[in-house]
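Everything below concerns the one structure shown next.
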Amino acid sequence: MTKTSSSDNPSHIFDRRRLRRNRDRAAAHFARHDFLLQEVAGRLHEKYLEINRDFQNIVDLGCHGGELARLLQDKTVIGQDLSRQLLNASSGPNSGPKVQADEEYLPYLPQSLDLVLSNLSLHWVNDLPGCLAQIMQALKPDGLFLSAVLGGESLTELRHSMMAAEVNIRGGASPRISPFMDARDAGSLLQRAGFALPVVDVDRITVTYENAFKLMADLKGMGESNVLSKRFRGLTSPKVMRETAKIYQEKFTDHRGRITVTFDIIYMMGWSPHKSQQKPLKPGQGKVNLKDMFGEKG
């Protein structure tokens, strides 16, 4: 049985039950829409390859269709996801064990994992500090956490267009696009969770589409539709959708007339503390002898 956060709790920004349903519905045709997950999985894999370490006990947290596990062909990777349907779809010749569980409630024993990976899933977590603390607890000393999350100005064009459309049609706007953290927030969260040697960097990926309807179809196909707890619960009217597409086309197109879409990807990396790791110098120990730099005047 999968434990999920209650959308009735006012402290929960995201409706995790709705997220699971979105992913379940997307599973059958997920591979038609997973281009962004594939792209970011490749970039995460490159970062992984830069680390000279032989990781054995590995979890892919929020594994979607198993994009990362397929790149780690020489490893057995535990795939964890909220959606049983996506887990079934992610099975393949090199796939490892599957765990249906919420990223907010990790089922692993303390100090049992060498590496926790996550590809574009943690932006839907309500209590990200708590999730990171659980990851830290599950990692062995000198274990690694490496993830990518949507952040920054992701989908800013769609957010602007939908808000303007609702104001024009309804005279007001409801929340449509998830709030995203920035790189500074990410660094603070890693430090707060106790990770050593935290590193955060950002990639901006710009994608173009024929129109806003094609973009929204891809988001739905990835299971990334709106799961804000305070979202508008009714069906979005065709009139609002047409107005959204019209505003998007007017304001956010390239020289070819295709709409542009921004995805800011925040990469987070941190180590579980271990005595062998580099330590910052204590205050006063960072002195520099100017003679060593400039020599002495004779």
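Only the coordinates and a few stated rules stand behind these numbers; no lab work does. Just so it is clear, the model here is predicted, and its values are computed rather than measured. Note: ideal-geometry Cβ built from the backbone for every residue, glycine included; neighbour counts use all protein chains shown.
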Can you tally the net charge around Lys98? Count Lys and Arg as +1, Asp and Glu as -1, for every other residue whose Cβ sits under 12 Å from the Cβ of Lys98. -1
Listed here are the pairs Lys98/Lys220; Lys47/Lys214; Lys75/Lys214; which of them are more than 27 Å apart at the Cα? Lys47/Lys214; Lys75/Lys214
Positive dipole terminus of region 16-274, leading residue within His29, Ser237, Phe252 (C-beta point charges): Ser237
Rg/Rg_globular for region 16-274, with Rg_globular taken as 2.2 N^0.38 Å and Rg from C-alpha atoms: 1.03
12 Å beta-carbon shell around Gly130, net charge (K/R +1, D/E -1): -3
I need the chymotrypsin sites (Phe, Trp or Tyr not before Pro) found in region 194-233, filtered to DSSP loop residues with at most 12 other beta carbons within 10 Å of theirs. none
Using 1/(1 + (r/R0)^6) with R0 = 35 angstrom and r between the beta carbons of Lys251 and Gln38, what's the FRET efficiency to the nearest 0.05? 0.75
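When Lys and Arg each count +1 and Asp and Glu each count -1, what net charge do the other residues less than 12 Å away from Glu39, Cβ to Cβ, add up to? Walk me through the numbers before you get to the answer.
Details: positive: Arg43; negative: Asp34, Glu46, Glu67, Asp203.
So the environment of Glu39 carries a net charge of -3.
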